Amino acid sequence: MLLGTDVTQVEAWRKLQEKLTAASVTDRSALLHRRANDTRSDVVRMIDHAGQGHIGGDFSVTDILTVLFNGVLRIDPNDPQKAGRDRFVLSKGHCAAALYATLASCGYFSPDELLTFMGPLSALNGHPNRNKVPGVETNTGPLGHGLPVAVGQALAAKLAGNGARVFAVMGDGEMQEGSNWEALMTGAHYGLDNLTAVVDRNRLQQGARTEDTSSLDPLDEKLLAFGWELRIIDGHDYEQLAAAFKPSSTGKPVAVIANTTKGKGVSFIEDRVEWHHKVPSTEQVVLALEELA
Amino acid sequence: MSTTTTTPGLYDNRTAFADELIQLARTDDRIVAVCNDSVGSSNLVAFRDEFPDRLINVGIAEQNMVGVGAGLASAGYIPFVCAAGPFLTGRSLEQVKADVAYSQHPVILCGMSPGMAYGELGPTHHSVEDFSWLRALPGLDIVVPADRLQTRQAVQQAVASPRPMYIRVGRHKVPDVSPAGSVLERGHFQTLREGTDVTLIGTGTLVSRAVEAAELLAADGLSVRVLNAAYIAPLDVASIVAAAEETGAIITAEEGNVAGGLGAAVASVVSQLGRDARVPVRILGLTEFAPTGSTDFLLDHFGLTPAHLAAAARDARTNG
Ligand SMILES: Cc1ncc(C[n+]2csc(CCOP(=O)(O)OP(=O)(O)O)c2C)c(N)n1
């Protein structure tokens, strides 16, 4: 492991957790919104510095990550390998920047590290590596790997009887990989009600819209037909996200279709296919940081 | 240590690939392209614009993509199946084995941006195991064009060939190395420089680096042979035997893992020669998953520079 816990940052994260627990619904959403946009700002700075990255998908998944790491996952950034912890798998590993910024905000490592993103010998590779970055549970990058691993982790939690829950986030384009559908069958077959599979449904993939490439719809009917409990939400609404991440009510694994906007948070990046991995110019960085302030 | 070559023009071979493909497709409507949401990164935008019906984008589904390619080939089409190298070969390895190599459907597998072209994206996106994996599949040609001319010739040969083929289509910019008028020959290394003291065998991005290393060694007074291993399968056994017989040592260099790649192939030939014909061999390549870094940084990191090649040659000559 190249990076270690930042105790001061963990303390700040704990304080935020206390505030969130005590807050009213409106205040909670405001706090999470602030946290999410700070993460997006970190992502802008990281990509600006590295000269590459996947900003569109980073921004669509940021609210999902923010809610998971602030109140849903039972984790301890001071003890990243704690037995029986909940597990999170970012299957769409190209959005590593958003994950790194989120993990740093929890104190898994110092936020000062973020600007090493993709630099020579940095722990913060373009795709996440569990052997280098605490909080990363498995290495991702090739699409279609996260859900089978999450199924294994959920099975392990069942076997161990430790009550741990497992969350995996896939891109919608990523759902074109057959491995996901194999894992969906296994998850349903074993009744993994401790597993939640989130689809970041921003309707864009690398080169075009999903429905103009290899249609996924009716995605809802497919997930239901594969035997999962289905929740369809606005993936940028903090209360809806929190509700969607509640445990299964049916004994089946839970699939969440999180309807999102690729590039969410910065007007000129939103819902434009070219921003899959376009890098903002110096002026655009300033504008983006202003919009996220 | 500087790794960028001194030759003025540096080129992304994907451009020559796409140009040649379009030119041939204009007169041969059996040519189709199949890809995995990689229209842009496979440089297929112009192909799609000109032949919208002949670009089949299966989405992010590489196993399916290779199977679809095999089906098209079985029905008389000439499919160029294009995807980033690691997903084309690693993800779809069993399709490549059963549907392409074993079935002998003449699919053209185009490993785009191979080697460590995707530097900072890391080992999941590096295609450095392809030689090892694909060399184990009988009946699959493995072609590694070193420059623009060879890339065009590889595309032409693929169309004419009745056999399946894997082509590494380089993205990391390289200089032209092929002599004007030279011809890419199936199963042959190309001799870029004659010599009798030591042989450097490079492939892909390492060819121009081998040429530079030869210049460094020539400055020491050594007579250096440089071979461009543009075909890795079928292997040019005769050239390897000749290098062993006629020069004192063989150095191989590849942007790939040393376990089972070009160097391993060369060493396997040399080690089976009679005692008197054997020569020392040094194999340069990757030995572990790459750390974070740009392509040039990583080529340095793994000792794939002209200076490292020259040092390996001196070492082999001195220490045997
Ligand atoms: C197996 C595999 N094939 C191709 C790629 C290249 N790739 C990286 S991101 C991407 C598009 C992903 O689209 P989506 O899953 O919708 O993610 P998002 O739009 O949220 O970024 C592609 C094709 C890959 N990483 N892995």
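The values are calculated or read from the model by the stated rules, or taken from the named source; none is laboratory data. These numbers were taken from a predicted model, which means no experiment stands behind them. All Cβ positions, glycine included, derive from the backbone under ideal geometry; neighbour counts span all protein chains shown. Only protein heavy atoms, including side chains, enter the accessible area calculation; ligands, DNA and RNA are left aside. Shrake-Rupley method; radii C 1.70, N 1.55, O 1.52, S 1.80 Å.
Selection of region A:72-99 for residues being away from the ligand (no atom under 16 Å from the Cβ), open to solvent by 10 Å² or more (accessible area, probe 1.4 Å) and farther than 13 Å from A:Arg165 by Cα yields A:Asp76, A:Asn78, A:Asp79, A:Pro80, A:Gln81, A:Lys82. Just a yes or no: is a residue in region B:247-258 open to solvent by 10 Å² or more (accessible area, probe 1.4 Å) and under 17 Å from B:Arg317 (Cα atoms)? Yes - at least one qualifying residue is present in region B:247-258.
In the condition set (1) of a type outside the set (A, V, I, L, M, F, W, C); (2) in contact with a Leu (Cβ under 9 Å, 6 or more places away or on another chain); (3) farther than 30 Å from A:Thr116 by Cα, B:Gly320 is compliant with all but (2).
For region A:244-264: of the residues being polar (S, T, N, Q) and away from the ligand (no atom under 16 Å from the Cβ), which is nearest to the other protein chains (Cβ to nearest Cβ)? Ranking the qualifying residues of region A:244-264, first place goes to A:Ser248. Away from the ligand (no atom under 16 Å from the Cβ) and either touching a residue at least 24 places away in the same chain (Cβ under 8 Å) or of a type in the set (A, V, I, L, M) (or both): does that describe B:Gly139? It is true that B:Gly139 is away from the ligand (no atom under 16 Å from the Cβ) and either touching a residue at least 24 places away in the same chain (Cβ under 8 Å) or of a type in the set (A, V, I, L, M) (or both).
Here B:Thr318 passes the criteria (1) open to solvent by 40 Å² or more (accessible area, probe 1.4 Å); (2) β-branched (Val, Ile, Thr); (3) farther than 17 Å from B:Asp197 by Cα except the one numbered (3). How many residues, within region A:120-166, are in a loop (DSSP other than H, G, I, E, B), among the aliphatic types (A, V, I, L, M) and within 16 Å of the ligand (Cβ to nearest atom)? Residues meeting the conditions: 1. Among the conditions (1) within 16 Å of the ligand (Cβ to nearest atom); (2) free of Cβ contacts under 8 Å to residues at least 60 places away in the same chain, the only one that A:Gly171 does not satisfy is (2). Scanning region A:173-201 for residues that are within 14 Å of chain B (Cβ to nearest Cβ) and open to solvent by less than 30 Å² (accessible area, probe 1.4 Å) turns up A:Gly173, A:Glu174, A:Met175, A:Gln176, A:Glu177, A:Ser179, A:Asn180, A:Val199, A:Asp200. Within region A:265-279, restricting attention to residues that are more than 14 Å from chain B (Cβ to nearest Cβ) and of a type in the set (A, V, I, L, M, F, W, C), the residue that is nearest to the ligand (Cβ to nearest atom) is A:Ile269. Any residue in region A:259-268 that is at pLDDT 95 or above and assigned to a helix (DSSP H, G or I)? Within region A:259-268, none of the residues are at pLDDT 95 or above and assigned to a helix (DSSP H, G or I).
Going by the structure shown, is B:Gln95 away from the ligand (no atom under 16 Å from the Cβ) and either assigned by TED's automatic domain parsing to the domain that holds B:Leu121 or in contact with a His (Cβ under 6 Å, 6 or more places away or on another chain) (or both)? For B:Gln95, the condition - away from the ligand (no atom under 16 Å from the Cβ) and either assigned by TED's automatic domain parsing to the domain that holds B:Leu121 or in contact with a His (Cβ under 6 Å, 6 or more places away or on another chain) (or both) - is not met. Against the definition (small (Gly, Ala, Ser), crowded, with 20+ Cβ neighbours inside 10 Å and in contact (Cβ under 8 Å) with a residue 40 or more places away in the chain), how does A:Gly263 come out, yes or no? Judged against the criteria, A:Gly263 is a match. Among the residues of region A:155-172, is there at least one that is closer than 21 Å to B:Leu88 by Cα, within 14 Å of another protein chain (Cβ to nearest Cβ) and open to solvent by 20 Å² or more (accessible area, probe 1.4 Å)? No: region A:155-172 contains no residue that is closer than 21 Å to B:Leu88 by Cα, within 14 Å of another protein chain (Cβ to nearest Cβ) and open to solvent by 20 Å² or more (accessible area, probe 1.4 Å). Of the residues making up region B:49-66, just one is surrounded by fewer than 19 Cβ atoms within 10 Å (Cβ to Cβ) and within 12 Å of chain A (Cβ to nearest Cβ), namely B:Ile56.
The strands (runs of 3 or more DSSP E) found wholly in region B:77-175 and carrying at least 2 residues that are within 14 Å of chain A (Cβ to nearest Cβ) occupy B:78-84. Scanning region B:259-289 for residues that are among the aliphatic types (A, V, I, L, M) and open to solvent by 10 Å² or more (accessible area, probe 1.4 Å) gives B:Ala259, B:Ala264, B:Ala267, B:Val269, B:Leu273, B:Ala277, B:Val279, B:Val281, B:Ile283, B:Leu284. Pairing each residue of region A:56-79 that is of a type in the set (A, V, I, L, M, F, W, C) with any residue that is surrounded by fewer than 19 Cβ atoms within 10 Å (Cβ to Cβ), provided the two are 6+ apart or on different chains, yields C-beta distances under 6 Å for A:Ile75/A:Arg85.
Filtering A:Leu230, A:Leu147 for residues that are touching a residue at least 24 places away in the same chain (Cβ under 8 Å) and either closer than 19 Å to B:Gly59 by Cα or under 17 Å from the mean Cα position of the chain (by Cα) (or both) leaves a single hit, A:Leu147.
Just one of the listed residues (A:Leu216, A:Leu241) is crowded, with 16+ Cβ neighbours inside 10 Å and within 14 Å of another protein chain (Cβ to nearest Cβ), namely A:Leu216.
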